[in-house]
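Trainee: Let me begin by handing over the structure; questions about it come next.
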Amino acid sequence: MSNIKTVGVVGAGQMGAGIAHVCALAGYDVLLNDADASRVSAGLESIAKNMRRQVGRNIITQDDMDAALKRILAAPKLTAFEACDLVIESIVEQDEAKRKVFADLRASLKPNTILATNTSSISITRLAATTDRPDKFIGIHFMNPAPLMKLVELIRGLATSQETYDASVRFVESLGKTIANAEDFPAFIVNRVLVPMINEAVYTLYEGVGSVEAIDKSLKLGANHPMGPLELADFIGLDTCLSIMQVLYEGLADSKYRPCPLLVKYVEAGWLGRKTQRGFYDYRTDPPTPTR
């Protein structure tokens, strides 16, 4: 179990592609899968683009990039994951969708393969219980964007074995990341603090305390945040922010975690942020303009 050489990544969106990027640069062979084959192609293009940016900034060499890209292969079907020593699920933040992935993987994985989820909020114990290997299941939560952010949260479920945890520690450290151990509570550490702050910023907008521009300016210049909370929400994805708030609200039964109605309205409109070109900002203009 501890000798991880091949990593499978399920989900080729921003997070999945970022995880594949990091793993390949660290010397792992990577198989990248997505239910939508076009997303795998887009993910591979995104990885190459981001690596070229790293070469331009002298973070990696051209040889590093060329070798890493050769290590990443598209895996149109999950049956290809029979070669994997570790599989990381990184799809949409929905319990049912993740459960389906784990069920579909069951027939393909070797008995000793570690199964990990990149969930940002959902119970590791509950997800593990839906698999055939709860002792080999763990939360490995990368921050976004994975190639740049140094932190990885490691979350053990109730059944996660010490061997699985130790192997996961070695794996994460081999990527050059720093580990924060989090208990299996809704949203763990980072999002338990961060997303309610974003939700409060949306309430501040909803109640007319300040405009989008004023709220973001205030947190950037008044609290020294590199990005305003509404701009950050657009970057994360408003649907993801809403999902995390719903997990917190339902899991902790505390009214302070109630999702702001305005956040719900934006998600219902399909204005999810950068990935849909509209959220709290309209990204079809240059520079982006506030939508409220």
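The values are calculated or read from the model by the stated rules, or taken from the named source; none is laboratory data. Just so it is clear, the model here is predicted, and its values are computed rather than measured. Here the Cβ positions follow ideal geometry from the backbone for every residue, glycine too, while neighbour counts run over all protein chains shown.
Trainee: Would you point out which residue out of SER168, SER108 is of a type in the set (S, T, N, Q), touching a Leu at 6+ places or on another chain (Cβ under 7 Å), at pLDDT below 95 and closer than 20 Å to LEU31 by Cα?
Mentor: Details: SER168 fails: at pLDDT below 95.
From the options SER168, SER108, the qualifying one is SER108.
Trainee: Which pairs have Cβ atoms under 6 Å, sit 6 or more apart or on different chains, and link a residue in the stretch 167-189 that is aliphatic (A, V, I, L, M) to one that is crowded, with 20+ Cβ neighbours inside 10 Å and assigned to a loop (DSSP other than H, G, I, E, B)?
Mentor: ALA182/PHE188; ALA187/SER121
Trainee: Just to check your reading of the model, which residue among VAL247, VAL264 is β-branched (Val, Ile, Thr) and at pLDDT below 95? Write out each step before concluding.
Mentor: Working: VAL264 fails: at pLDDT below 95.
The conditions single out VAL247.
Trainee: Filter the stretch 156-205 for residues that are more than 22 Å from ARG133 (Cα to Cα) and charged (D, E, K, R); which is surrounded by the most Cβ atoms within 10 Å (Cβ to Cβ)?
Mentor: Here the residue is LYS177.
Trainee: Which residue, of ARG53, ARG57, ARG39, ARG71, is surrounded by 14 or more Cβ atoms within 10 Å (Cβ to Cβ), modelled with pLDDT of 95 or more and on the phi < 0 side of the Ramachandran plot?
Mentor: Working: ARG53 fails: surrounded by 14 or more Cβ atoms within 10 Å (Cβ to Cβ); ARG57 fails: surrounded by 14 or more Cβ atoms within 10 Å (Cβ to Cβ); ARG39 fails: modelled with pLDDT of 95 or more.
After ruling out the rest, the residue left standing is ARG71.
Trainee: Here is a further query. Keeping to the stretch 116-139, report how many residues are of a type outside the set (Lys, Arg) and assigned to a helix (DSSP H, G or I). Working first, answer last.
Mentor: Looking only at the stretch 116-139, we keep the residues that are of a type outside the set (Lys, Arg), and these are 116-125, 127-132, 134-135, 137-139.
Restricting the remaining residues to those that are assigned to a helix (DSSP H, G or I) gives 124-125, 127-128, 134-135.
Final tally of qualifying residues: 6.
Trainee: Next question. Of everything in the stretch 93-115, what is surrounded by fewer than 21 Cβ atoms within 10 Å (Cβ to Cβ) and assigned to a loop (DSSP other than H, G, I, E, B)? Give them in sequence order.
Mentor: Answer for the stretch 93-115, where residues must be surrounded by fewer than 21 Cβ atoms within 10 Å (Cβ to Cβ) and assigned to a loop (DSSP other than H, G, I, E, B): GLN94, ARG106, ALA107, SER108, LYS110, PRO111, ASN112.
Trainee: Give me the pairs: first residue in the stretch 69-97 and in contact (Cβ under 8 Å) with a residue 40 or more places away in the chain and within 12 Å of ALA35 (Cβ to Cβ), second residue in a loop (DSSP other than H, G, I, E, B) and not polar (S, T, N, Q), beta-carbon distance under 6 Å, and six or more apart or on different chains, which are they?
Mentor: ILE91/GLY11
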